[in-house]
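The structure appears below as structure tokens.
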Amino acid sequence: MTKKRQKKLYRARKDRMLAGVCGGLAKRFDVDSTWIRLIFILFFFLGGGALLVYLILWLVVPLEPR
């Protein structure tokens, strides 16, 4: 049985608008970063929890290595 390498979550250096959180999530899950940003905006307007999640991810997730 072969081991499959897990992708690590990093904040993006290139695909970023603020801190690179959405770009990093998009790269990790192989989706377009626009979709991740739209999801964050939707959840922000529905309850505001997205802002707290974004700030926590900004602090916890390391910046992508060069």
- If Met17 passes every condition in (1) open to solvent by 70 Å² or more (accessible area, probe 1.4 Å); (2) touching a strand residue (DSSP E or B) at 6+ places or on another chain (Cβ under 7 Å) but one, which one does it miss? (2)
- Query: Looking at (1) of a type outside the set (Phe, Trp, Tyr); (2) open to solvent by 70 Å² or more (accessible area, probe 1.4 Å); (3) part of a helix (DSSP H, G or I), which is the only condition Arg66 fails?
  - Reply: (3)
- Task: Please list, ordered by first then second residue, the pairs with beta carbon atoms under 9 Å, 6 or more apart or interchain, first in the stretch 41-52 and under 18 Å from Met17 (Cβ atoms), second charged (D, E, K, R) and in a loop (DSSP other than H, G, I, E, B).
- Result: none
- Task: Filter the stretch 29-52 for residues that are in a loop (DSSP other than H, G, I, E, B) and under 24 Å from Arg66 (Cβ atoms) and give the result.
- Result: Asp30, Val31, Asp32
- Scan the stretch 4-16 and report the pairs whose first residue is free of Cβ contacts under 8 Å to residues at least 40 places away in the same chain and whose second residue is not in a loop (DSSP other than H, G, I, E, B), with Cβ atoms within less than 6 Å and a gap of 6+ or a chain change. Lys7/Arg28; Asp15/Gly23; Asp15/Ser33; Arg16/Gly23
- Message: Just the residues that are part of a helix (DSSP H, G or I) and over 17 Å from Val60 (Cβ atoms), please, taken from the stretch 1-28.
- Response: Ala26
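The values are calculated or read from the model by the stated rules, or taken from the named source; none is laboratory data. Remember, it's a predicted structure, so these values are computed and weren't measured experimentally. As a convention, Cβ positions derive from the backbone with ideal geometry for all residues, glycine included, and neighbour counts pool all protein chains shown. For the accessible areas, the whole protein counts, side chains as well, though only heavy atoms, and no ligand, DNA or RNA atoms are used. Shrake-Rupley method; radii C 1.70, N 1.55, O 1.52, S 1.80 Å.
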